[in-house]
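Q: Handing you this structure, nothing more for now.
The values are calculated or read from the model by the stated rules, or taken from the named source; none is laboratory data. Fair warning: this is a prediction, and the values are worked out from it, not measured in the lab. Methodologically, a virtual Cβ is constructed for each residue, glycine included, from the backbone with ideal geometry; neighbour enumeration extends over all protein chains shown. Surface accessibility is based on the protein's heavy atoms, side chains included, excluding ligands, DNA and RNA. Shrake-Rupley method; radii C 1.70, N 1.55, O 1.52, S 1.80 Å.
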Amino acid sequence: MKTLIQNTKILTMTSEQVIENGFIAIENDRIVYVGEQKPENFEADQIIDGKNKAVIPGLVNAHCHIAMTLLRGYADDLPLEEWLFQKVFPIEDKLTCADITCGTSIGLMEMLRTGTTCFADQYFMMDNVARAVEQAGMRANLTRCQMCFDEDVDIQKDKTMQEARAFYQNWHGKADGRIQVTLSPHSVYGCTPRYIEGIVSMAHELGADMQMHLSETAKEVADCQAKYGKSPVQHFHDLGAFDRHAFVAHGVHVSEQDMLLLKNKNVSMVHNPGSNMKLASGVAPIAQYMQNGINVALGTDGACSNNNLNMFEEIQLAALLAKGHFMNATSLKAYEAIQMATVNGATALNLPAVGKIKAGMKADLVMLDLDQPHCYPMHSLISALVYSMNGSDVVMTMVDGTILYQNGEYLTIDAEKVKFEVKQSVARLF
């Protein structure tokens, strides 16, 4: 299949330079040409006109719990510990495979509608998540998140450990490579040290990458210091969790020593501004991470603590929060915020062929409608993307060269069926 996108603005993310009227040639799942001139000798099977449109790389949501869309708006205005242990966990105990499937599918619809082409997800019953991702045509980094409070657990016979291993073996590299699988100790407070070491050992055996929650609240850090005499970053580091390629979510409360450890181990940090503000966790020191050469990606977290999966909102929040909190208008510039949601997210998820628009890269693309009142005047596409536009401006979302969403229509998901199933699940759960 050959596709030509023509007459469109293009932000390639290879630089801040915008192609004002350009062409993108796609063959199967790859971009084969990007430029200002129409490619010669390229016979397209379909031509997409980009007049009054812009094309950007698909957004990467680097931290999410997609099936938690079922809990959207259920437990608002609570601190994290009360929200998680008193509200979220009791509902999660009731979730069935059918709930996970429809919760995932409605989340995929929201992501496709708002320009996300790839996401990282931690949850359970992950076979159902993977099947929904495969059917929808999305790209994802998935993990069976692991928790254990039993100091004497038999690591080899532990049910969750077995589920994580089986999920990796069954799904890593599947769906034409669109699904990658990582291993994930939930957090310092969710796992014993011995259990974390067991996960690390399995990661080395399987060759798996790692993802986890880290230093999200001041209480988490204080409790870890009291129990282990070190910060969560130091604790995970000493247990070997960063010896594999790793990306971690939140990183709100960290020291200079913590940052040095993360930098030395090439760990990516995933910033979740909306969730961190809503749960009153604090503001991650993004400028300091960047100054220390740490790759910073962007995530929404789950829809129960956000309450949406709209990455355009996270891009704007990240840029504005950094300026306001640190009282420095250059703490996070517009282009840097977009980098966090595209190329930096791809780096965090270990996807070198994702995040930019150039020949040889995956054809994960998003087209936006610029013919909207809030896009006039268009002094700068980059400024508009961060400070003016939103996910609702997306008119086309493409993954691996296949259009999955276009002009209000989902081409791989039965939207009405999913919405009906969500209503059924919610009625039973609540």
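Q: Consider only pairs whose beta carbons are under 7 Å apart and that are at least six residues apart or on different chains; among these, list those whose first residue lies in the range 163-182 and is more than 14 Å from Asn141 (Cα to Cα) and whose second residue is modelled with pLDDT of 95 or more and open to solvent by less than 60 Å² (accessible area, probe 1.4 Å).
A: Between residues of the range 163-182 that are more than 14 Å from Asn141 (Cα to Cα) and residues that are modelled with pLDDT of 95 or more and open to solvent by less than 60 Å² (accessible area, probe 1.4 Å), the close pairs are Glu163/Arg144; Arg165/Met202.
Q: Separate question: How many of the residues making up the range 258-276 are part of a helix (DSSP H, G or I) and closer than 17 Å to Asn295 by Cβ?
A: 8
Q: Of the conditions (1) among the aliphatic types (A, V, I, L, M); (2) farther than 25 Å from Tyr410 by Cα; (3) assigned to a strand (DSSP E or B), Ala140 fails just one. Which one is it?
A: Failed condition: (2).
Q: Just to be sure I understand, how many residues within the range 321-346 are touching a residue at least 12 places away in the same chain (Cβ under 8 Å) and either of a type in the set (Ser, Thr, Tyr) or more than 13 Å from Met290 (Cα to Cα) (or both)? Before the answer, list the steps.
A: Looking only at the range 321-346, we keep the residues that are touching a residue at least 12 places away in the same chain (Cβ under 8 Å), and these are 321-322, 325-326, 328, 331-346.
So of that shortlist, the ones also either of a type in the set (Ser, Thr, Tyr) or more than 13 Å from Met290 (Cα to Cα) (or both) come out as 321, 325-326, 328, 331, 334-335, 338, 341-343, 345-346.
Count: 13.
Q: What number of residues within the range 171-186 are touching a Ser or Thr at 6+ places or on another chain (Cβ under 8 Å) and outside any loop (DSSP other than H, G, I, E, B)? First the steps, then the outcome.
A: Of the residues in the range 171-186, the ones touching a Ser or Thr at 6+ places or on another chain (Cβ under 8 Å) are 181-184.
Retained after the next criterion (residues that are outside any loop (DSSP other than H, G, I, E, B)): 181, 183.
Selection size over the range 171-186: 2.
Q: A further question follows. Output the residue which, of all residues in the range 51-67 that are open to solvent by less than 10 Å² (accessible area, probe 1.4 Å) and touching a Phe, Trp or Tyr at 6+ places or on another chain (Cβ under 9 Å), is nearest to Ser388 (Cα to Cα).
A: Result: Leu59.
Q: Moving to a separate point now. Given the residues Tyr168, Tyr189, which is the only one that is crowded, with 17+ Cβ neighbours inside 10 Å and in a loop (DSSP other than H, G, I, E, B)? Break it down stepwise before answering.
A: Numbers: Tyr168 fails: in a loop (DSSP other than H, G, I, E, B).
Step by step, each of Tyr168, Tyr189 is checked, and only Tyr189 is crowded, with 17+ Cβ neighbours inside 10 Å and in a loop (DSSP other than H, G, I, E, B).
Q: Can you name the number of the only condition in (1) surrounded by fewer than 23 Cβ atoms within 10 Å (Cβ to Cβ); (2) in contact with a Gly (Cβ under 9 Å, 6 or more places away or on another chain) that Phe119 fails?
A: Unmet for Phe119, out of (1) surrounded by fewer than 23 Cβ atoms within 10 Å (Cβ to Cβ); (2) in contact with a Gly (Cβ under 9 Å, 6 or more places away or on another chain): (1).
Q: Looking at the range 1-27, I want the residues that are under 15 Å from Ile382 (Cα atoms) and have a partner that is aliphatic (A, V, I, L, M) and open to solvent by 30 Å² or more (accessible area, probe 1.4 Å) with Cβ atoms under 7 Å, at least 6 apart or on another chain. Which pairs are those?
A: Taking only residues 6 or more apart or on different chains, the pairs are Ile10/Val34; Thr12/Val34.
Q: Right, another one. Please state which of the following conditions Asn272 fails to meet, knowing it meets all the rest: (1) in contact with a Gly (Cβ under 9 Å, 6 or more places away or on another chain); (2) modelled with pLDDT under 95.
A: Condition not satisfied by Asn272: (2).
Q: Of all residues in the range 69-79, which are in contact (Cβ under 8 Å) with a residue 60 or more places away in the chain and either under 28 Å from Ser392 (Cβ atoms) or open to solvent by less than 10 Å² (accessible area, probe 1.4 Å) (or both)?
A: Thr69, Leu70, Leu71, Arg72, Gly73, Tyr74, Ala75, Asp76, listed by residue number.
Q: Answer yes or no as to whether Leu429 is out of contact with any Lys or Arg (no Cβ under 7 Å at 6 or more places or on another chain), touching a residue at least 60 places away in the same chain (Cβ under 8 Å) and open to solvent by less than 10 Å² (accessible area, probe 1.4 Å).
A: Taking the combined requirement at face value, the residue does not satisfy it.
Q: Right, something else. Pick from the range 263-284 the residues that are free of Cβ contacts under 8 Å to residues at least 40 places away in the same chain and open to solvent by 10 Å² or more (accessible area, probe 1.4 Å): which of them is nearest to the chain's Cα centre (by Cα)?
A: Asn266
Q: Report, by residue number, each residue of the range 1-11 that is under 23 Å from Tyr335 (Cα atoms) and open to solvent by less than 10 Å² (accessible area, probe 1.4 Å).
A: If the condition is that a residue be under 23 Å from Tyr335 (Cα atoms) and open to solvent by less than 10 Å² (accessible area, probe 1.4 Å), then Thr8, Ile10, Leu11 are the ones that fit.
Q: Go through (1) of a type outside the set (Phe, Trp, Tyr); (2) in a strand (DSSP E or B); (3) in contact with a helix residue (DSSP H, G or I) (Cβ under 8 Å, 6 or more places away or on another chain) one by one and return the number of the condition Gln122 breaks.
A: Result: Gln122 passes all but (3).
Q: Quick one: would you say Thr104 is β-branched (Val, Ile, Thr) and outside any helix (DSSP H, G or I)?
A: The answer is no for Thr104.
Q: Report yes if Phe149 is more than 30 Å from Ala222 (Cβ to Cβ), out of contact with any helix residue (DSSP H, G or I) (no Cβ under 6 Å at 6 or more places or on another chain) and among the hydrophobic types (A, V, I, L, M, F, W, C), otherwise no.
A: For Phe149, the condition - more than 30 Å from Ala222 (Cβ to Cβ), out of contact with any helix residue (DSSP H, G or I) (no Cβ under 6 Å at 6 or more places or on another chain) and among the hydrophobic types (A, V, I, L, M, F, W, C) - is not met.
Q: Anything in the range 81-96 that is within 17 Å of Val422 (Cα to Cα), open to solvent by less than 70 Å² (accessible area, probe 1.4 Å) and either within 23 Å of the chain's Cα centre (by Cα) or basic (Lys, Arg) (or both)? List them, or say none.
A: Matches in the range 81-96: Glu92, Leu95.
Q: Does the range 293-308 include one or more residues that are open to solvent by 10 Å² or more (accessible area, probe 1.4 Å) and assigned to a helix (DSSP H, G or I)?
A: The answer is no; no qualifying residue exists.
Q: Could you look through the range 231-257, keep only residues that are in a loop (DSSP other than H, G, I, E, B) and more than 20 Å from Cys148 (Cα to Cα), and pick out the one that is most open to solvent (accessible area, probe 1.4 Å)? Outline the logic, then answer.
A: If we filter the range 231-257 for residues that are in a loop (DSSP other than H, G, I, E, B), which is where we start, we get 231, 239-245, 251-255.
Subset that is more than 20 Å from Cys148 (Cα to Cα): 243-245, 251-255.
On the way: Asp243: 82, Arg244: 61, His245: 52, Gly251: 0, Val252: 11, His253: 61, Val254: 37, Ser255: 51 Å².
Step by step, filter the range 231-257, then rank; the result is Asp243.
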